[in-house]
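The values are calculated or read from the model by the stated rules, or taken from the named source; none is laboratory data. Values in this document were obtained by computation on a predicted structure and should not be read as measured data. Cβ placement follows ideal geometry from the backbone for every residue including glycine, while neighbour counts extend to all protein chains displayed. The area values use the complete protein model at the heavy-atom level, side chains included, leaving out ligands, DNA and RNA. Shrake-Rupley method; radii C 1.70, N 1.55, O 1.52, S 1.80 Å.
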Amino acid sequence: MPVRPARASLPEVSIASTTWHPDAVKREAIVRVAGRDGPLRLREGDAVGGLVVQEIEPAAVVFLRGGVEIRKPVGAAR
């Protein structure tokens, strides 16, 4: 049986809030990352722990990692 390389684990990320606007440049998300002090303010295109912010929605953030979309709703842990 072939040995698969260990996949890097995803950072534990929670979405505190989002600010949505029709103009993508004005969208932002307040995100908490385990092991970091204080929240991060992210915009579309920003990256954290190997996750790239693909889209900020009114109640969620869609991250992209290795071609896979990961949708994190506001308030959901992990």
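Label positions at residue 12 and residue 34, each projected 7 Å from the Cα along the C-beta direction, are separated by 0.3 nm. Here the Karplus relation 6.51 cos²θ - 1.76 cosθ + 1.60, evaluated at θ = phi - 60°, turns the backbone of segment 11-22 into coupling constants of x, 6, 10, 10, 9, 7, 6, 10, 10, 9, 8, x Hz, with x for every Gly and Pro. The amide H of residue 60, built 1.01 Å from its N in the peptide plane, has 74 as neighbours under 5 Å, considering only residues 5 or more places off or on other chains. Charge tally for residue 43 (other residues, Cβ to Cβ under 12 Å; Lys, Arg +1; Asp, Glu -1): -2. Expressed as a whole percent, the accessible area of the chain that falls on carbon and sulfur atoms is 53 (1.4 Å probe). The 3J(HN,Hα) values that the Karplus relation (6.51, -1.76, 1.60; θ = phi - 60°) gives for segment 54-71 are, in residue order, 7, 8, 9, 9, x, 9, 6, 10, 9, 9, 10, 9, x, x, 10, 7, 10, 9 Hz. Gly and Pro appear as x.
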